[in-house]
Amino acid sequence: MKMFNEELEKQLKEIFAALKGDVTIALFTEPGCATGEETTGLMEEIAALSPKIRLVRYDRTVDAAKAAEYHVERVPAIVLIDSSGAYRGIKFYGIPAGHEINSFIPALLEVSGAESEVPAEFAARVAAIRRPVDIKVFVTLSCPHCPGAVQKAHKLALMNSNVQAEMIEASTFEELSRSFNVSAVPQIVIDGKTTLLGDQPMQAILEAIEAEAS
Amino acid sequence: MNLDLSFHLDAGLGSKPALDPDALHDVLVVGAGPAGLNAAMYAARKGLDVAVLGKRKGGQVLDTSAVDNYLGLDGVDGEGLAERFLKHLSKYSVPVLDGAEVVDVFSQGPVHSVVLSTGESYRARALIVATGSTPRRLGIPGEDRFAGKGVGYCAICDGPLFAGKDVFVAGGGNSAVQAALDLAQMSRAVTVVHRSRLRADQVLVDRLLSHSRIAVLLGTRIVEVTGQAAMDGLVVEDAATGARRALPGDGLFVEIGHLPNVGPFAKRLVLSEHGEIVADARGATSVPGIFAAGDVTDFPYKQIVIAVGSGATAALSANEYIARTAF
């Protein structure tokens, strides 16, 4: 079933006019993956809206090498690849539908090179992160504050290749969510240890990363 | 599966100020909920140079599913209503800064300045404070410890995480009843616990009482949230007899009203005994040139339609004030 109606398609086409370079959506699924079909459908619809967006489908087991390259740990997974073929450290686990479309679209634009600016002092602090950092943002699709949290975590990853950030749709990955005791979203988990609740300012996420290192 | 399109391209750092920090604006509206947005529209229509500084575009309305009591917009959801407000305001090219938190306010003569958490400051002839309110907490043992581990404050956000589980809702007003009805769509059982009587609208109460998966415990106080790694239940007390008992359950949504977000305005403005900004019938506060609207004020009844109306009042008052004041 199509997710986009005509009006939404028109709106998205206008938004995608701002795509700077090409973006590849690398979509990982596997046979029997419960939400894989829906996610594939949504990605196909999105890719059809701009010649700059390319969709490449992978099977997690068959394409194990690719999955390892992008650190794909579960499916469905969406990895965004920039025009130079580089993995930028940002992923979506589970379908970015509902409210999460609002973190997915900015991610496409950012990876295409249409990057949002940040203050220089803040950028310098992000650039100073020298150790690998993993940010998980647990969301539900009915949560209006969640895309903001995902977008901020992704932005940090885009700014520093030591940082990886992923959206995790909590209902799809129930067991993982349970292991992190997720009962409220957005929940931001840094390196599996530090937990921030709510759509925190980017400064707060960065401060939590800095606090961990010290 | 649906898609709710409404996103912001900058990641909330406010890196591209749409506002000139050197300009002296006519009106700055602090808060981007129904009161603030309507104040901005009314000010713009009077030809004033106005901008909105908001923490979250749309405000608290975003956290509610169904808004059934806004005249003329039967069946609209909270987000849909916020989108309509923003779309209407966008006709007037009013800059709306999102993710903007005001941390300080000061005045030099008749000119008021606000300082954001990011450091920028902006000046205006009049301020309209429409900063709304934040959910009130129960303030009982276990509430903080299990926040995000069973205790929640946004039923539409966290509801899917309680599919097939047993949840409680604390409170007896419209928000509590609406949260219970939302949660009942996915949860196994929902129990509304309230210390006195339900004060929600009768239409909502009727739906609540006729729902097969919702139970209602009145005259009951929640005294503790219990659990180990996550919440596993509540201890409740019968308000009449004082008898306590444990109730097992996986989640608790707290919907017991709100606290006004007075922030830095607390030190400048006269507040009510409930900590709300005291404003007169025209929205004027204790400081000339600073007006207030919506849930942050001491106006009775925290309703969207009332907040919207008070926004209009504050903007019209600000307009008159600017016209008769020498700057």
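The values are calculated or read from the model by the stated rules, or taken from the named source; none is laboratory data. Nothing here was measured: the structure is a model prediction, and the numbers come from that model. Note: ideal-geometry Cβ built from the backbone for every residue, glycine included; neighbour counts use all protein chains shown. Note: areas computed on protein heavy atoms with side chains; ligands, DNA, RNA excluded. Shrake-Rupley method; radii C 1.70, N 1.55, O 1.52, S 1.80 Å.
Just a few scattered comments:
- For region B:226-327: rounded, prolate or oblate by the Cα gyration tensor [a/c cutoff 1.5]: prolate
- Charge sum, other residues only, whose C-beta stays under 10 Å from B:V254's C-beta, Lys/Arg counted +1 and Asp/Glu -1: 0
- Take each residue in B:161-171, count the other chain C-beta atoms within 10 Å of its C-beta, and the mean is 2.
- 3J(HN,Hα) from dihedral phi, region B:168-182, Karplus parametrisation 6.51/-1.76/1.60, rounded to Hz, x for glycine, proline: 10, 10, 9, x, x, x, 4, 5, 5, 5, 4, 4, 4, 5, 5
- The packing ranking, built from the mean of other Cβ atoms within 10 Å per residue, places the peptides B:113-124, A:135-146 in the order A:135-146, B:113-124, highest first.
- Probe 1.4 Å, accessible area per residue of chain B, Å²: 45 Å²
- Accessible surface of A:K10, taken over heavy atoms with a 1.4 Å probe and every protein chain present, rounds to 130 Å².
- Across region B:151-254, Cα-Cα pairs farther apart than 22 Å form 23% of the total.
- Accessible area of B:D166 in the full protein assembly, 1.4 Å probe (Å², nearest 10): 40 Å²
- Computed over region A:64-214: relative contact order in percent, which uses C-alpha pairs under 8 Å that are six or more apart: 24 percent
- Legend: residues B:H88, B:H194, B:H274, sorted from most to least accessible area (1.4 Å probe; ligands, DNA and RNA excluded), read B:H274, B:H88, B:H194.
- Exceeding the 21 Å Cα-Cα cut-off - candidates A:K66/A:K91; A:K152/B:K165; A:K91/A:K193; B:K46/B:K91; A:K152/B:K87; A:K52/A:K91: A:K152/B:K165; A:K152/B:K87
- Cα-based shape type of the protein assembly as shown, given that a ≥ b ≥ c are square roots of the gyration tensor eigenvalues and the cut on a/c is 1.5: oblate
- Scanning residues 5 or more positions from B:I290 or on other chains, those with amide H under 5 Å from its amide H are B:L127, B:T285, with H placed 1.01 Å from N in the peptide plane.
- Surface composition of the protein assembly as shown: carbon plus sulfur atoms contribute 50% of the solvent-accessible area (1.4 Å probe, protein chains only, all chains present).
- Helices in chain A, meaning DSSP H runs of at least 4 residues, each add -39500 (n - 2.57). Divided by all residues, the mean residue ellipticity at 222 nm is -11000 deg cm²/dmol.
- Along region B:54-59 the Karplus relation, 6.51 cos²θ - 1.76 cosθ + 1.60 evaluated at θ = phi - 60°, assigns HN-Hα couplings of x, 6, 8, 4, x, x Hz to successive residues, with x for each Gly and Pro.
- Chain B: angle of helix B:34-45 to the longest principal axis, Cα-based, in degrees nearest 10: 20 degrees
- For chain B, the relative contact order comes to 20 percent (Cα pairs under 8 Å, sequence separation of at least 6).
- Rounded if a/c under 1.5, otherwise prolate or oblate - region A:1-53, Cα gyration tensor axes: oblate
- Peptide A:118-127 has a mean of 2 when you count, residue by residue, the C-beta atoms of other protein chains within 10 Å of its C-beta.
- CD proxy at 222 nm, helix term only [per DSSP H run n ≥ 4: -39500 (n - 2.57); per residue of chain B; nearest 500]: -6500 deg cm²/dmol
- Between helix B:78-90 and chain B there is an angle of about 10 degrees, using the helix long axis and the longest principal axis of the Cα atoms.
- Relative contact order of region A:1-142, pairs being alpha-carbon contacts under 8 Å that are 6 or more residues apart, as %: 27 percent
- Solvent-accessible heavy-atom area per residue, rounded to whole Å², over chain A at 1.4 Å: 41 Å²
- Each Lys and Arg adds +1 at its Cβ and each Asp and Glu adds -1 at its Cβ; summed about the Cα centre, region A:74-214 shows a dipole of about 220 debye.
- Reduced Cα scattering model of chain B, Debye log10 I(q)/I(0), q = 0.08, 0.10, 0.15, 0.16 Å⁻¹: -0.41, -0.63, -1.17, -1.26
- Karplus (6.51, -1.76, 1.60) ³J(HN,Hα), θ = phi - 60°, over region B:221-227, in Hz, Gly and Pro reported as x: 9, 8, 10, 7, 9, 10, x
- Rounded to whole Å, sorted largest first: equivalent-ellipsoid semi-axes of region A:88-136, Cα gyration tensor: 23, 15, 9
- With a 1.4 Å probe rolled over the protein heavy atoms of all chains, the accessible area of B:Y42, B:Y321, A:Y93 falls in the order B:Y42, B:Y321, A:Y93, largest first.
- Counting Cβ atoms of other protein chains within 10 Å of each Cβ in A:88-101 and taking the mean gives 2.
- Taking Cα centre as origin and charging only the Cβ of basic (Lys, Arg, +1) and acidic (Asp, Glu, -1) residues, the dipole magnitude of the protein assembly as shown rounds to 760 debye.
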